[in-house]
Amino acid sequence: MTLVVLCAVWVIAATAVAFLPLRYQYAPGILLLIAAAVLIWMLGREFGLLVVLLAVFAVVSMFRKPLRYFARRALGQTPEVRK
């Protein structure tokens, strides 16, 4: 599969996960976040810095709350978790 097809599959998977109830989004969301990092790295190798910046902006926009949670955990704070 080409890189563009892999990215398209990632987008479709992210859309499918968004339809799940919140309590079922955690595990697939973390897998998607890890996969996004790998895909962005591959995009950077293939297409350059501008595409990486656009992809990072898009991923941070989609995953802003989980990324904020992990940042607070890394800083030693105890963030709230919605149930």
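Looking at segment 30-83, which of its residues are hydroxyl-bearing (S, T, Y) and either part of a helix (DSSP H, G or I) or within 23 Å of A18 (Cβ to Cβ) (or both)? Across segment 30-83, the qualifying residues are S61, Y69. Pairing residues of segment 1-14 that are farther than 13 Å from L32 by Cα and touching a residue at least 12 places away in the same chain (Cβ under 8 Å) with residues that are assigned to a helix (DSSP H, G or I) and aliphatic (A, V, I, L, M), at Cβ distances under 6 Å and at least 6 apart in sequence or on separate chains, gives L3/M42. Selection over segment 22-57 of residues that are over 15 Å from C7 (Cα atoms) and of a type in the set (K, R) gives a count of 1. Restricting segment 1-30 to residues that are polar (S, T, N, Q) and either modelled with pLDDT of 95 or more or under 16 Å from the mean Cα position of the chain (by Cα) (or both) leaves a set whose member that is surrounded by the fewest Cβ atoms within 10 Å (Cβ to Cβ) is T15. Mind checking which residues of segment 17-29 are assigned to a helix (DSSP H, G or I) and not aliphatic (A, V, I, L, M)? Residues satisfying the conditions are R23, Y24, Y26, P28, G29. Among the residues of segment 56-82, those identified as among the β-branched types (V, I, T) and within 14 Å of G29 (Cα to Cα) are V59, V60.
The values are calculated or read from the model by the stated rules, or taken from the named source; none is laboratory data. The model shown is predicted, which means the values in this text are computed figures rather than measured ones. With ideal geometry, Cβ positions are generated from the backbone for all residues, glycine too; neighbour counts draw on all protein chains shown.
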